[in-house]
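Okay, so here's the structure we're looking at.
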Amino acid sequence: MAARRPRIVPAPERISGRVVRALRRRKALWRFLDEFCRAVEKRGGKPYLVGGFVRDLVEGHPVKDIDLMVAGVAFGELGNLLRSLPAKPLGIRRVVPAGKAFPVYKLRADWAEEEVDIALARTDHLTGGGRTGFDPCAMDRDAREDAGRRDFTINSLMLALRTERGRVTGAVVDYFGGLDDLRKRRIRGVGNPHDRFREDPLRILRAIRQKNERRGYAIERNTWAALRRAAPERLRGVPGERVAAELVRSLSSNPRGTVEDLRRAGILRLMLPEVPSGSRRPDRLLRRYALLEKSLGRPLPETPLLANLLADVALAECADRIRNASRGKPPGWKPSKSDPLFRLPRTEAAARRLHLPGVRPVLRMLEDLARLLHIRLLKNPNARIEAVFRRWKKPVHLVSFHEAVCSAGGIETIDFRPILKTAARRPPLLSGQDLLRLGIPPSPWMDGILEDVREATLTGAVDTRKEATDLALSIIRTTKAYPSPRKGVR
Ligand code: CTP
C-alpha cells in the first residue's frame with residue numbers, strides 16, 4: 001500500500017509572504033539560500049529553514065540564530081554540496097561537520113553572527129546516512145517527523161524553500177499548530193509533552209525561559225503539568241552549565257516571572273535547597289527583584305541579578321558565622337580586621353553548584369552586602385563603608401542591592417550616600433608612604449593605622465595633615481602591638 005502523504009498545514013499566504021520579504025531584505029543571506037536551495041534540489045532533496053529562526057521571523061522579531069534542515073539527501077552528500085558552493089561570492093568562511101547523536105554541518109559566514117547549523121531531518125531512520133532519492137512524499141514525511149521531535153509548537157514551524165520559475169521562494173509549514181500558539185501566546189509541547197521532556201529534560205527550563213522572554217506568554221496547561229511532573233526527577237541529569245545558561249537568560253528577561261515559575265514547578269527548592277519554598281523567603285526574593293528593577297531598570301545588571309538569587313543563603317550563612325564568632329565574647333566585642341567573618345564558603349559552594357557565571361563578582365557583592373548589614377559591628381564603620389564602595393566600578397549596584405535587601409527584609413537601612421559624599425570631599429590625609437617617611441617600619445599593622453586615621457578624617461575628628469600625623473604617632477605609642485618608629489625621627 002502506498003504511504004499516505006502527510007497532512008501539510010500551509011500557513012496563510014500573507015504570513016509566508018511577509019517572512020520571505022523579510023528574508024529577501026537580508027541580501028547576503030538570501031543569495032546563499034538561493035544557491036543552497038538550487039544545489040539541494042539538484043540532488044533531489046528539499047531544504048527548510050527551521051526552529052526559532054522561523055518563529056522569530058513570523059513574529060517579526062530580529063533573528064540571529066539560523067538553522068537549516070535538509071530532507072532527501074545523505075549526510076556525506078550534504079557536505080559535498082556545501083563545499084561545492086562558491087565560498088567567496090557567498091561569504092562562506094568555513095564548513096565543518098559536528099555532532100555525534102545528530103550530525104550537523106556548522107557553517108561560518110560573513111552574514112551570520114553565529115554559526116549556521118545545517119542538519120538532516122531528524123527521523124527514526126536517520127543514521128547519519130539519511131534517505132536519498134527524489135520522493136516528495138517521503139521528504140514531507142521526514143519534515144513532519146522532524147517537526148514532531150521539536151520541543152514546542154512555536155519552534156516546530158518551518159519555512160519550506162523551493163525554486164519556482166527560476167526564483168527561490170518559501171512557504172511557512174505548520175504541522176502542529178505553532179501559528180495558532182503564537183497568536184495565543186502559548187508555549188505548548190509538540191504532541192505529547194511528557195515525551196518531549198523525557199527526550200530532553202533541558203526543555204523544562206527552555207519552556208520557562210521562552211515564556212519569560214516573551215511578554216504575555218503562558219505555558220499551556222498540559223505542558224505545564226508534564227513539566228512539573230518531569231522536573232524533580234529529570235532535571236538532575238542535565239549538565240549544570242546548560243541549566244545555568246537557561247536560568248540566566250530567563251532571569252535577565254523577567255526575574256520575577258522566572259522565580260515564580262521555578263517555585264511553582266518545584267524547581268526553586270531543587271536549585272536552592274537553602275531557600276525553603278514554604279517560608280516567606282521566595283516572597284522576599286520576588287520583592288527584592290521588584291525593588292532592584294525599580295532602581296536599576298530592566299534588564300538588571302548580571303551581578304546584582306545573580307547575587308539577589310543567593311542573598312538568603314548568604315544572609316543565613318553570615319548570621320551563623322557571627323553567632324559562632326561572638327560566642328563567649330564580652331559585650332561590645334568587635335571582630336578584628338583579619339577576621340574572616342564575611343567569607344561565605346557555603347554561599348560560594350551554592351553559586352558553583354549552580355554554575356553561575358561571574359561567581360567572583362557575585363560573591364564579592366554578597367560579602368560586601370554582609371559587611372554593610374553588620375557595619376556597626378566593625379571598628380571603623382565610615383572608613384569601611386568607603387573601602388567597600390571604592391572597590392566597585394558602579395557603586396550604585398551595591399547601594400540598590402543593599403536597599404532592596406533591607407526593605408524586603410524589614411531591616412533598618414543606612415543611607416550611605418552622605419558618608420560617600422564626605423569621603424569624596426575629604427581626600428585621605430596620610431598614605432603608606434607618609435608612614436614610612438615617619439619611620440614607621442612596614443608591617444601588617446600599617447593598614448590598621450591608616451584606617452584609624454581615615455575614620456577620624458571622615459568623622460571630622462582630624463582636619464589637617466599635622467593632626468593626622470599626630471594621631472598616627474599616638475596610635476603607635478599607645479598600642480603595644482605596633483612596632484615603634486625608628487629613633488630620632490621625631
Ligand atoms: N530544539 C529542541 N529541543 C531542544 C533544543 C532545541 O527541540 N532542547 C529545537 C527547537 O525547534 C529550536 C531549535 O531546535 O527552535 C533550535 O534550537 P536553539 O537554537 O537552541 O533555540 P531557538 O528556539 O532557535 O532559539 P532561542 O534559544 O534563541 O529561543
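The values are calculated or read from the model by the stated rules, or taken from the named source; none is laboratory data. Everything numeric here is computed off the predicted structure, so don't read it as measured data. Note that each Cβ is placed from the backbone with ideal geometry, even for glycine, and that neighbours are counted across all protein chains shown. Calculation scope for accessible area: heavy atoms of the full protein, side chains included, ligands and nucleic acids excluded. Shrake-Rupley method; radii C 1.70, N 1.55, O 1.52, S 1.80 Å.
Which one of the conditions (1) at pLDDT below 95; (2) under 25 Å from Val399 (Cα atoms); (3) open to solvent by less than 40 Å² (accessible area, probe 1.4 Å); (4) of a type outside the set (S, T, N, Q) does Arg298 fail to meet, given that it meets all the rest?
(3)
Here are Arg55, Arg31: which of them is under 32 Å from the mean Cα position of the chain (by Cα) and either at pLDDT 95 or above or within 16 Å of the ligand (Cβ to nearest atom) (or both)? Walk me through it before giving the result.
Details: Arg31 fails: under 32 Å from the mean Cα position of the chain (by Cα).
Result of the check over Arg55, Arg31: Arg55.
In the list Val95, Val63, Val73, which residue meets the criterion of being in a loop (DSSP other than H, G, I, E, B), away from the ligand (no atom under 16 Å from the Cβ) and of a type in the set (A, V, I, L, M, F, W, C)? Break it down stepwise before answering.
Values: Val95 fails: in a loop (DSSP other than H, G, I, E, B); Val63 fails: away from the ligand (no atom under 16 Å from the Cβ).
Exactly one residue qualifies, and that residue is Val73.
Results for (1) more than 26 Å from Leu182 (Cβ to Cβ); (2) of a type in the set (Lys, Arg); (3) at pLDDT below 95, shown as yes or no for each residue.
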| position | (1), (2), (3) |
| --- | --- |
| Arg4 | yes, yes, yes |
| Ile8 | no, no, yes |
| Leu49 | no, no, no |
| Pro86 | yes, no, no |
| Val95 | yes, no, no |
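Within segment 271-282, is there a residue that is more than 11 Å from the ligand (Cβ to nearest atom), part of a helix (DSSP H, G or I) and either loosely packed, with under 15 Cβ neighbours inside 10 Å or among the polar types (S, T, N, Q) (or both)?
Start the filter on segment 271-282 by keeping residues that are more than 11 Å from the ligand (Cβ to nearest atom), which leaves 271-282.
The next check asks that each one be part of a helix (DSSP H, G or I); those that pass are 271, 281-282.
With either loosely packed, with under 15 Cβ neighbours inside 10 Å or among the polar types (S, T, N, Q) (or both) added as a condition, the list becomes none.
No, segment 271-282 contains no residue that is more than 11 Å from the ligand (Cβ to nearest atom), part of a helix (DSSP H, G or I) and either loosely packed, with under 15 Cβ neighbours inside 10 Å or among the polar types (S, T, N, Q) (or both).
Given the residues Ala307, Ala311, which is the only one that is touching a Lys or Arg at 6+ places or on another chain (Cβ under 7 Å) and modelled with pLDDT of 90 or more? Don't jump to the end; show me each part of the working.
On the way: Ala307 fails: touching a Lys or Arg at 6+ places or on another chain (Cβ under 7 Å).
So the residue among Ala307, Ala311 that is touching a Lys or Arg at 6+ places or on another chain (Cβ under 7 Å) and modelled with pLDDT of 90 or more is Ala311.
Just checking, which of Arg122, Arg108 is farther than 25 Å from Gly178 by Cα, assigned by TED's automatic domain parsing to the domain that holds Gly178, among the basic types (Lys, Arg) and surrounded by fewer than 19 Cβ atoms within 10 Å (Cβ to Cβ)? If you could, list the steps in order and put the result at the bottom.
Numbers: Arg122 fails: farther than 25 Å from Gly178 by Cα.
Going through Arg122, Arg108 in turn, the sole match is Arg108.
Return the residue satisfying two criteria in turn: it lies in segment 247-266 and is open to solvent by less than 20 Å² (accessible area, probe 1.4 Å) and within 13 Å of the chain's Cα centre (by Cα), and of such residues it is farthest from the ligand (Cβ to nearest atom). Full working, then the answer.
As a first pass, look at segment 247-266 and keep what is open to solvent by less than 20 Å² (accessible area, probe 1.4 Å): 247-248, 250-251, 255, 257-259, 261-262, 265-266.
In the following step, the residues that additionally are within 13 Å of the chain's Cα centre (by Cα) were identified as 247-248, 250-251, 255, 258.
Details: Leu247: 13, Val248: 13, Ser250: 11, Leu251: 15, Pro255: 18, Thr258: 15 Å.
In this case the residue turns out to be Pro255.
Within segment 408-424, is there a residue that is touching a Pro at 6+ places or on another chain (Cβ under 8 Å), in a helix (DSSP H, G or I) and crowded, with 21+ Cβ neighbours inside 10 Å? First the steps, then the outcome.
Residues of segment 408-424 touching a Pro at 6+ places or on another chain (Cβ under 8 Å): 420.
Retained after the next criterion (residues that are in a helix (DSSP H, G or I)): 420.
Pick out the ones that are also crowded, with 21+ Cβ neighbours inside 10 Å and you get none.
No - not one qualifying residue is present in segment 408-424.
I want to confirm something. Restricting to segment 191-243 and keeping residues that are among the small types (Gly, Ala, Ser), in contact with a helix residue (DSSP H, G or I) (Cβ under 6 Å, 6 or more places away or on another chain) and farther than 17 Å from Asp181 by Cβ, which single residue is farthest from the ligand (Cβ to nearest atom)?
Among those that are among the small types (Gly, Ala, Ser), in contact with a helix residue (DSSP H, G or I) (Cβ under 6 Å, 6 or more places away or on another chain) and farther than 17 Å from Asp181 by Cβ, it is Ala231.
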